[in-house]
Amino acid sequence: MEYVQELPKVRKRNTKLKIAKRMIFIFLGSLLFSLGLEVFLVPNQIIDGGITGISIMLAHLTGLKLGWFLFFLNLPFLFIGYKQIGKTFALSTLFGIAVMSVSTTLLHHIPGVTGDPLLAAVFGGIILGIGVGLVIRSGGSLDGTEIVAILFNKKSPFSVGEMVMFFNIFILGSAGFVFGWDRAMYSLIAYYIAFKMIDVTIQGLDESRSVWIISDKHREIGDALLARLGRGVTYLNGEGAYTGDDKKVIFCVVTRLEEAKLKSVIEDIDESAFLAVGSVNDVKGGNFKKKNIH
């Protein structure tokens with residue numbers, strides 16, 4: 001009876017820890033984003049895509065603070081996100097945008113680290129990408145154009161990524177009329193680097209691989225992967241479409257660094273084995289952790 005009564009308390013405590021962890025990462029991500037803007041991009045008249053890029057141009061043209069534009073221009077999209085996507089996403093995004101707006105205002109008077117626009121584009125893009133990646137990984141967003149793209153995607157043949165790219169090409173192109181075409185080109189560099197860093201931050205440096213193996217020596221290969229890589233495997237039943245023969249399919253997940261060793265193990269046992277390797281964005285559950293390779 002005592003055990004049953006403790007369960008709600010444990011769940012409640014775990015929920016609070018998850019929320020606290022999410023808020024901390026969104027805070028850090030938003031702070032990094034603001035740092036990249038105010039210390040690298042804005043002093044060198046380089047913009048990012050989306051609402052952030054529009055806000056930088058409007059702040060430059062009007063002389064008003066960047067933080068105001070970042071907050072108020074994102075609010076309508078945040079309201080749409082609340083109605084269409086969900087309460088948790090909307091609240092997480094609101095918190096991130098609020099931190100970003102306040103941080104840019106506080107950091108505005110800090111002088112830029114470098115006057116070299118190429119260095120500013122590279123390092124600003126890296127810091128921006130890490131910041132946005134942390135926020136997205138924690139279930140939020142820092143830009144309203146992503147919300148619009150998600151909503152339009154339901155009624156459009158274009159993917160979310162294609163629609164975001166379209167919006168940003170238009171916005172980054174507009175920077176040429178405001179700051180000059182050389183700054184627009186530096187902005188494209190910063191945007192590309194940030195885009196890549198978002199992927200790295202979300203997926204992690206230790207990216208995982210899903211592996212599918214078909215071989216008549218499936219048992220030997222499975223035992224070898226378990227013994228030499230320390231990876232558990234799953235045997236699936238398959239059937240050859242041409243021959244109609246029953247086949248055993250081996251499925252397992254390894255890290256990127258273990259991929260070469262896995263191929264070597266398979267080749268040692270069956271050089272004619274069919275092997276398919278794909279990227280995995282996230283792995284949870286089971287006993288997936290780093291193992292010793294031998």
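The values are calculated or read from the model by the stated rules, or taken from the named source; none is laboratory data. Just so it is clear, the model here is predicted, and its values are computed rather than measured. Quick reminder, even Gly has a Cβ in these numbers, built from the backbone with ideal geometry, and neighbours come from all protein chains shown. We work out accessible area using only protein heavy atoms, side chains counted, and drop any ligands, DNA or RNA first. Shrake-Rupley method; radii C 1.70, N 1.55, O 1.52, S 1.80 Å.
Taking label points 7 Å from Cα along the Cα-to-Cβ direction, D246 and S174 give a separation of 6.4 nm. Around the Cα centre of segment 208-280, unit charges on the Cβ atoms of Lys, Arg, Asp and Glu (plus for the first two, minus for the last two) sum to a dipole of about 360 debye.
Length gained on full extension, K87 to V280, computed as 0.36 nm times the residue gap minus the Cα-Cα distance: 66.7 nm.
Provide the FRET efficiency to the nearest 0.05 for the Y235-I202 pair, computing r from the beta carbons and using R0 = 35 Å. FRET efficiency, Y235 to I202: 0.65.
By accessible area, using a 1.4 Å probe on protein heavy atoms only, segment 15-203 has 73% of its surface on carbon and sulfur.
Probe radius 1.4 Å, ligands and nucleic acids left out: which of R22, R183 has the largest accessible area, and how do the rest follow? Mind showing how you got there, number by number?
Details: R22 75, R183 50 Å².
Largest to smallest exposure gives the sequence R22, R183.
Peptides 35-48, 219-232 ranked from most to least packed give 35-48, 219-232, packing being the mean of other C-beta atoms within 10 angstrom over each peptide's residues.
Shown for segment 15-203: lysine pairs separated by 8 or more places, or found on different chains, whose C-alpha atoms are under 24 Å apart, numbering 8.
Mind running the shape call on segment 15-113? Use the C-alpha gyration tensor, a ≥ b ≥ c as the square roots of the eigenvalues: rounded below 1.5 for a/c, prolate if a/b tops b/c, oblate otherwise.
oblate
Projecting the Cα atoms of G232, S272, H218 onto the charge dipole of segment 208-280 (Cβ charges, centred on the Cα centre) puts G232 farthest toward the positive pole. Each label was represented as a point 7 Å from its Cα along the Cα-to-Cβ direction; for T62 and I269 these points are 6.5 nm apart.
Extents of segment 15-203, largest first, come to 45, 38, 33 Å (Cα atoms, principal axes, whole angstrom).
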